[in-house]
Amino acid sequence: MSEIPTILAIAALAAPAGVAAGWLHFRSLLRVSECLAAGDLKAVVLQVVRFIALGLFFYLCARMGATALLSAAAGLWVGRSLVLRQARKEAA
């Protein structure tokens with residue numbers, strides 16, 4: 001019976017962590033695209049680091065359980081939405 005509050009607490013922590021991870025992941029895409037447009041090869045390194053960091057984040061969430069992984073994935077989606085909303089405002 002005490003396992004359910006623990007699972008919910010982990011999920012409650014994983015969701016905002018997912019938002020932060022999503023925001024960082026998709027915001028750093030701007031830097032990667034700027035480097036690629038400038039012909040800078042460090043964009044390749046930045047891209048690899050982005051995916052490794054995101055993969056590590058999801059691996060750690062998966063180790064905490066399915067609920068944490070799903071909460072983090074939902075948070076990532078929210079973080080992506082925040083970055084897209086910000087990009088649309090800057091483009092307008």
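Can you spot a residue in the range 13-29 that is of a type in the set (D, E, K, R) and farther than 21 Å from LEU84 by Cα?
So in the range 13-29, the residues of a type in the set (D, E, K, R) come out as 27.
The next check asks that each one be farther than 21 Å from LEU84 by Cα; those that pass are none.
No, because not a single residue in the range 13-29 is of a type in the set (D, E, K, R) and farther than 21 Å from LEU84 by Cα.
Go through (1) over 14 Å from the mean Cα position of the chain (by Cα); (2) in a helix (DSSP H, G or I); (3) of a type in the set (D, E, K, R) one by one and return the number of the condition ARG50 breaks.
(1)
In the range 25-52, what count of residues is obtained for those that are touching a Ser or Thr at 6+ places or on another chain (Cβ under 9 Å) and of a type in the set (A, V, I, L, M)?
Adding up the residues that qualify gives 3.
Suppose we filter VAL45, VAL19, VAL32 for residues that are at negative phi, open to solvent by less than 50 Å² (accessible area, probe 1.4 Å) and either touching a Pro at 6+ places or on another chain (Cβ under 8 Å) or without any contact (Cβ under 8 Å) to a residue 24 or more places away in the chain (or both); which single one remains? Spell out how you get there, then give the answer.
Values: VAL45 fails: open to solvent by less than 50 Å² (accessible area, probe 1.4 Å); VAL19 fails: either touching a Pro at 6+ places or on another chain (Cβ under 8 Å) or without any contact (Cβ under 8 Å) to a residue 24 or more places away in the chain (or both).
Result: VAL32 is the single residue among VAL45, VAL19, VAL32 that is at negative phi, open to solvent by less than 50 Å² (accessible area, probe 1.4 Å) and either touching a Pro at 6+ places or on another chain (Cβ under 8 Å) or without any contact (Cβ under 8 Å) to a residue 24 or more places away in the chain (or both).
Yes/no per residue for (1) part of a helix (DSSP H, G or I); (2) touching a helix residue (DSSP H, G or I) at 6+ places or on another chain (Cβ under 8 Å); (3) at pLDDT below 95:
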| residue | (1), (2), (3) |
| --- | --- |
| LEU36 | yes, yes, yes |
| ALA74 | yes, yes, no |
| TRP77 | yes, yes, no |
| SER81 | yes, no, no |
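The values are calculated or read from the model by the stated rules, or taken from the named source; none is laboratory data. As the structure is a computational prediction, the values presented were derived from the model and not from experiment. Don't worry about glycine lacking a Cβ; one is built from the backbone with ideal geometry, like all the others, and counts go over all protein chains shown. To get the accessible areas, we keep the full protein, side chains included, count just its heavy atoms, and leave off ligands, DNA and RNA. Shrake-Rupley method; radii C 1.70, N 1.55, O 1.52, S 1.80 Å.
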